[in-house]
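The values are calculated or read from the model by the stated rules, or taken from the named source; none is laboratory data. Being a predicted model, the structure only gives us computed values, none of them experimental. Backbone-built Cβ (ideal geometry, glycine too); neighbour counts: all protein chains shown.
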Amino acid sequence: MLIMADTKIDFNDYIASIPDFPEPGIIFRDISPLMANGKAYSAATDRITAFAKAHGAEMICGPEARGFIVGCPVADRLGIGFAPARKKGKLPRETVSVKFQLEYGETELFMHKDAVQPGQKVLIVDDLLATGGTVAATANLVEQLGGIVVGTAFLIELKELHGRDKIKDYDLFALMEY
């Protein structure tokens with residue numbers, strides 16, 4: 001059941017901007033204040049849930065770990081499942097994987113082989129779109145399993161990092177842009 005919270009919330013009021021973290025010149029966008037406020041967190045979840053519903057999502061997928069924080073409540077509201085994309089060694093059954101580049105090296109994501117069914121419509125959800133590598137890798141995993149990525153949704157998009165370019169084939173929703 002979708003319960004629409006107050007749509008007049010300025011979500012930017014619930015993002016803490018931390019200069020020079022984790023290194024000089026970076027402004028870290030902290031979603032903790034948003035999550036700490038039940039009304040704001042519920043309203044943000046409602047917005048992403050509406051996007052998922054409009055795209056016919058049958059499964060929500062999110063990368064470790066903040067994708068879980070954003071994606072699980074959306075899946076719950078829609079009464080559908082959630083498939084986690086995890087780091088190495090975190091999933092106990094047979095998996096598929098994809099390696100991808102980060103700003104400072106290479107990493108790998110994994111999903112259980114049965115996490116997504118062939119033809120299943122999947123919305124990928126995360127807290128923040130930066131360079132797009134993690135979300136593109138998650139989309140790759142979904143597609144390896146035969147799923148159909150119907151879109152991507154984020155609380156925040158960092159526009160200057162052009163992450164949208166790596167996932168340009170997918171419909172994108174961002175609650176806030178910086």
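Identify, please: which residue in the range 65-85 is among the charged types (D, E, K, R) and surrounded by fewer than 19 Cβ atoms within 10 Å (Cβ to Cβ) and is, among those, modelled with the highest pLDDT?
Selected residue: Asp76.
Please specify each residue of the range 160-175 satisfying the condition of being exposed (fewer than 12 other Cβ atoms within 10 Å of the Cβ) and part of a helix (DSSP H, G or I).
Glu160, Asp165
For the subset of the range 28-41 comprising residues that are touching a residue at least 60 places away in the same chain (Cβ under 8 Å) and among the aliphatic types (A, V, I, L, M), which member is surrounded by the fewest Cβ atoms within 10 Å (Cβ to Cβ)? Talk me through it step by step, then tell me what you get.
The first filter runs over the range 28-41 and keeps only residues touching a residue at least 60 places away in the same chain (Cβ under 8 Å), leaving 29, 31, 34.
Still in the list and also among the aliphatic types (A, V, I, L, M): 31, 34.
Details: Ile31: 21, Leu34: 24.
If we take residues in the range 28-41 being touching a residue at least 60 places away in the same chain (Cβ under 8 Å) and among the aliphatic types (A, V, I, L, M), then Ile31 is surrounded by the fewest Cβ atoms within 10 Å (Cβ to Cβ).
If Lys53 passes every condition in (1) among the charged types (D, E, K, R); (2) within 15 Å of the chain's Cα centre (by Cα); (3) farther than 25 Å from Ser97 by Cβ but one, which one does it miss?
(2)
Within the range 25-35, how many residues turn out to be part of a helix (DSSP H, G or I) and under 13 Å from Phe11 (Cβ atoms)?
Looking only at that region, the number is 3.
Just one of the numbered conditions (1) over 16 Å from Val74 (Cβ atoms); (2) out of contact with any helix residue (DSSP H, G or I) (no Cβ under 7 Å at 6 or more places or on another chain); (3) charged (D, E, K, R) is not true of Glu177; which one?
(2)
Given the conditions (1) at pLDDT 95 or above; (2) surrounded by fewer than 18 Cβ atoms within 10 Å (Cβ to Cβ), which single one is not true for Ala44?
In the conditions (1) at pLDDT 95 or above; (2) surrounded by fewer than 18 Cβ atoms within 10 Å (Cβ to Cβ), Ala44 misses (2) alone.
Within the range 49-64, restricting attention to residues that are hydrophobic (A, V, I, L, M, F, W, C) and in contact with a Lys or Arg (Cβ under 9 Å, 6 or more places away or on another chain), which residue is surrounded by the fewest Cβ atoms within 10 Å (Cβ to Cβ)?
Restricting attention to the range 49-64, the residues satisfying the condition of being hydrophobic (A, V, I, L, M, F, W, C) are 50-52, 54, 57, 59-61.
Now restrict to residues that are in contact with a Lys or Arg (Cβ under 9 Å, 6 or more places away or on another chain): 52, 57, 59.
On the way: Ala52: 28, Ala57: 26, Met59: 24.
Across the range 49-64, the extreme among qualifying residues is Met59.
Can you name every residue in the range 131-146 that is within 16 Å of the chain's Cα centre (by Cα), assigned to a loop (DSSP other than H, G, I, E, B) and modelled with pLDDT of 95 or more?
Gly132
If Phe154 passes every condition in (1) surrounded by fewer than 19 Cβ atoms within 10 Å (Cβ to Cβ); (2) modelled with pLDDT of 95 or more; (3) part of a strand (DSSP E or B) but one, which one does it miss?
Going through the list (1) surrounded by fewer than 19 Cβ atoms within 10 Å (Cβ to Cβ); (2) modelled with pLDDT of 95 or more; (3) part of a strand (DSSP E or B), Phe154 breaks only (1).
When the residues of the range 65-105 are narrowed to those that are of a type in the set (S, T, N, Q) and out of contact with any Lys or Arg (no Cβ under 7 Å at 6 or more places or on another chain), which ends up nearest to Gly146 (Cα to Cα)?
Looking at residues that are of a type in the set (S, T, N, Q) and out of contact with any Lys or Arg (no Cβ under 7 Å at 6 or more places or on another chain), I get Ser97.
Looking at Lys39, is it more than 15 Å from the chain's Cα centre (by Cα), assigned to a helix (DSSP H, G or I) and not β-branched (Val, Ile, Thr)?
yes
Yes/no per residue for (1) under 30 Å from Ser42 (Cβ atoms); (2) of a type in the set (Asp, Glu); (3) touching a helix residue (DSSP H, G or I) at 6+ places or on another chain (Cβ under 9 Å):
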site	(1), (2), (3)
Ser97	no, no, yes
Val149	yes, no, yes
Ala153	yes, no, yes
Glu157	yes, yes, yes
Arg164	yes, no, no
Ile167	yes, no, yes
Asp171	yes, yes, yes
